[in-house]
Amino acid sequence: MGPKHWYRRLSGLIVTVILLLWVFPLQAQYNYFDLPFGRNRMTIPFGNFDNIVIIDATINDSVPIKLILDSGVEGIILTDMDIAGLFADRCVRNFRVTAPGTIELLEACITSPVLVKVGGLMPSITNLILLNEDYFSLESYIGTKVHGLIGMERFRNMVVTTNYNRNLITFVRPSHYRIPDHAEIIPISISRGKPYMNARVEFDNGTIRDLWLLIDSGANHPLLLEYNSLGGYKPQKTIEATIGKGLAGNMKGEFARVGWLMLGNLRLDNPITSFTDSYLPGNSDVRLHRNGTLGSGALSRFRVTFDYSRERLILQKGSDFRRPFEYNMSGITLKTLGSMFNVYEVSDIIPGSPAEIAGIRTGDILLSIDQTFTFTMTLGEVNKKLSAGDGIRVNLMLSREGTQMEVRLRLKKLI
């Protein structure tokens, strides 16, 4: 299981890891996961890391792996070079894929079919997609071991419900699924295995606009919008920052608040929204004319059900539904170093933030917070202390090129 319950409350406090890939059409061979004969329902646990869902799987009954369950990708993509190397001799075709943050193409290959198991589900005989480099360095920004990604569409034979409050996924046969009371049913459109939906937003200037969004459960932002789809709109108050991790490195953009976001008849107030013009530069055809993506920072406030068979998304309010959206209050973005994921390096500083004013620099190593050594803490615990509340003071010990230094920060609500 993943970190403690409060870790799910840190939406937007760490760099949003953008994990969406578009794979060119392939002559792939696969089948989908399914429930065993005689079973109509099954529940499995998952690890929850800032609302990113990580599930355990096994390849060919011998290679255990951890995969991000992501509605924004197709198939199974291995990003860990050690695991990918075990299956390199099974590659049957080389190809290229495109991904956020760059116009460059990734080199990859597709393997002959392998057997993949997830929990007690019937296994899938499917191809793997192997990247030839670990372009994303997922582990550094999530704070735990991750070997790749698995698309939600691999479970499309079942109705799939993610309970972020209990860290459980439930699989139900479509014929046995019953819509819960007080649930919101939202039509979705499936394109290349990825779900899209309509939503409505009120911008900070009072303008109300309908949006066409990719539902991307593998990215932990609440909402990401692409400037070139918004007809010249710019938010009135923004923070320039790193909004995600893409192929070209850190993706720059801006954070702002919108007035509200409507998902069906469910309204989320004042969500933190990422704005960028570099999400998919030069790839307008691939974007399918969408306005942006709905991420797990919003989805995690619900019990989320994907019903691919009927092309619908079903949302039930979760315990965090009315929790205010907050953002990084220190100005520090961290990544983990080392095999234990408990060495924390400053990877980015927000201009004008308490961290920049205090003289903290990228490359500094965070050693302690309020006299608690950070090597005893998870990334979620560290981020929680660095966003404890507007006006709260924290004492930091850092190391810069081998020299220790003490810094006192007064946390500030930046947006």
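Just so you know, all these numbers are worked out from the coordinates, no wet-lab data involved. Model, not experiment: these values are computed from the prediction. Cβ placement follows ideal geometry from the backbone for every residue including glycine, while neighbour counts extend to all protein chains displayed.
Could you list the chymotrypsin sites (Phe, Trp or Tyr not before Pro) in segment 31-80 that lie in coil according to DSSP, counting only those with at most 13 other Cβ atoms within 10 Å of their Cβ?
Sites meeting the loop and neighbour criteria: PHE37.
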With Cβ to Cβ distances under 15 Å as the rule, what net charge do the other residues near PRO351 carry (K, R +1; D, E -1)? 0
The alpha-carbon center of segment 50-86 and that of segment 319-375 are separated, in whole Å, by 27
Just subtract the alpha-carbon distance of GLN236 and GLU184 from 0.36 nm times their residue separation and send over the number in nm, one decimal. 15.5 nm
What relative contact order, as a whole-number percentage, does the chain give when Cα pairs under 8 Å and 6 or more residues apart are counted? 18
Between SER309 and ASP370, how many nm apart are label points set 7 Å from Cα along the C-beta direction? 5.0
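I need the calculated FRET efficiency for the pair ASN265 and ILE44, taking r as the beta carbon distance and R₀ as 45 Å, to the nearest 0.05.
Computed FRET efficiency for ASN265 and ILE44: 0.90.
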With a 10 Å radius around each residue's Cβ, average the other Cβ atoms per peptide and rank 181-192, 221-232, highest first. 221-232, 181-192
What's the extension gain from SER137 to ARG323 if we count 0.36 nm per residue and subtract their Cα-Cα distance? 63.9 nm
May I ask for the Kirkwood hydrodynamic radius of segment 174-317, worked out over all distinct Cα pairs and given in angstroms to one decimal? 15.8
Nearest 500 deg cm²/dmol is fine: what mean residue ellipticity at 222 nm does the chain get from its DSSP H runs of n ≥ 4 alone, each adding -39,500 (n - 2.57), divided by its residue count? -1500 deg cm²/dmol
Sorted by packing (mean other beta-carbon atoms within 10 Å per residue), highest first, where do 293-301, 398-406, 149-157, 364-372 land? 293-301, 149-157, 364-372, 398-406
What distance in nm separates the simple spin-label points at ILE357 and ARG90, each placed 7 Å from Cα in the Cβ direction? 5.5
